[in-house]
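Below is the structure I would like to discuss, written out as structure tokens.
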Amino acid sequence: MRHPVDGFTAALTASPSPLISSSVAKLRLWVTLSFVLLLSGCATFAPNPPQDQSNICEIFREQPSWYDYARESEEKWGTPIATQMSFIQQESSFRSHIRPDRKYYLGFIPGPRPSSAKGYAQAQDPVWEEYEDQAGSLFARRTHMKHATDFIGWYNRRSQQQAGISLSNPEHLYYAYHEGAGGYQRGTYRGKPQVLSAGRQVASRANRYQSQLNSCEAEFQCRKFYQVWPFCRS
């Protein structure tokens, strides 16, 4: 005797109708497209890189919230605003989603990227995970300027503690940023002309940024409706 439940089970295990198969396929396509659009949208809505990256005043005039983020990081960790922004210009030219170029085999077959570096500060996966555990949060993103400036401040404070580098020495802070505190102490950067050149560029730019910031910082300290001169932060 065939019980009703047997008929129900048979119906469930039977091959789906063409109509159901078509609906499932459309649903899968919709989910896939939504995911792709979500990922691309993150980059689409990211701020454009500043037009004049040689002048920190113009950078902050385009993106005034970046001043707030860098100021918060300076107050928390001690790295000057000008040094933070010089690091970011060197690492990413203020491009939020930049990653190292892939290697290509035979000129067209995509291979792996040379590192996991990503975002404004070009932080790599292992050290970013350390930052998340020690100072950041699970919601920190390398593609957001607030978290990038905080990461740089945290990393430089660690370099100060581990390698004794002054937070007012952007050149050597950058060497440690690139090589790690251990590599810096072993002097590995000395045998790398590109790293030496980048460190000098970071220092020169940080000094220029600081001089520029001295002339315009007041406008970013007193730009919000609840900030009234002379009671703005200084």
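The values are calculated or read from the model by the stated rules, or taken from the named source; none is laboratory data. Quick caveat, the model's predicted, so the values are computed rather than measured. Note that each Cβ is placed from the backbone with ideal geometry, even for glycine, and that neighbours are counted across all protein chains shown.
Within the stretch 48-67, take every residue that is in contact with a Phe, Trp or Tyr (Cβ under 8 Å, 6 or more places away or on another chain) and of a type outside the set (S, T, N, Q) and give me the one that is farthest from Met145 (Cα to Cα).
Looking at the filtered set, the residue picked out is Ile56.
Limited to the stretch 76-89, what total is found for residues that are surrounded by fewer than 20 Cβ atoms within 10 Å (Cβ to Cβ) and either in a helix (DSSP H, G or I) or touching a Phe, Trp or Tyr at 6+ places or on another chain (Cβ under 9 Å) (or both)? Steps first, please.
Here is the first cut: in the stretch 76-89, the residues surrounded by fewer than 20 Cβ atoms within 10 Å (Cβ to Cβ) are 76, 78.
After this cut, where a residue has to be either in a helix (DSSP H, G or I) or touching a Phe, Trp or Tyr at 6+ places or on another chain (Cβ under 9 Å) (or both) as well, the list is 76.
Final tally of qualifying residues: 1.
Would you confirm whether or not the stretch 93-106 contains a residue that is under 20 Å from Glu74 (Cα atoms), of a type outside the set (Val, Ile, Thr) and modelled with pLDDT of 95 or more?
Checked against the condition, which is being under 20 Å from Glu74 (Cα atoms), of a type outside the set (Val, Ile, Thr) and modelled with pLDDT of 95 or more, the stretch 93-106 yields at least one hit.
Taking the options Asp150, Asp52, Asp125, Asp68, name whichever one is within 18 Å of Arg205 (Cα to Cα) and at pLDDT 95 or above.
Asp52
Within the stretch 64-75, is there a residue that is of a type in the set (A, V, I, L, M, F, W, C) and assigned to a helix (DSSP H, G or I)?
Yes, the stretch 64-75 has at least one match.
Residues of the stretch 174-194 being under 21 Å from Gly78 (Cα atoms) and touching a Phe, Trp or Tyr at 6+ places or on another chain (Cβ under 8 Å), which ones?
Matches in the stretch 174-194: Tyr174, Tyr175, Ala176, Tyr177, His178, Glu179, Tyr184.
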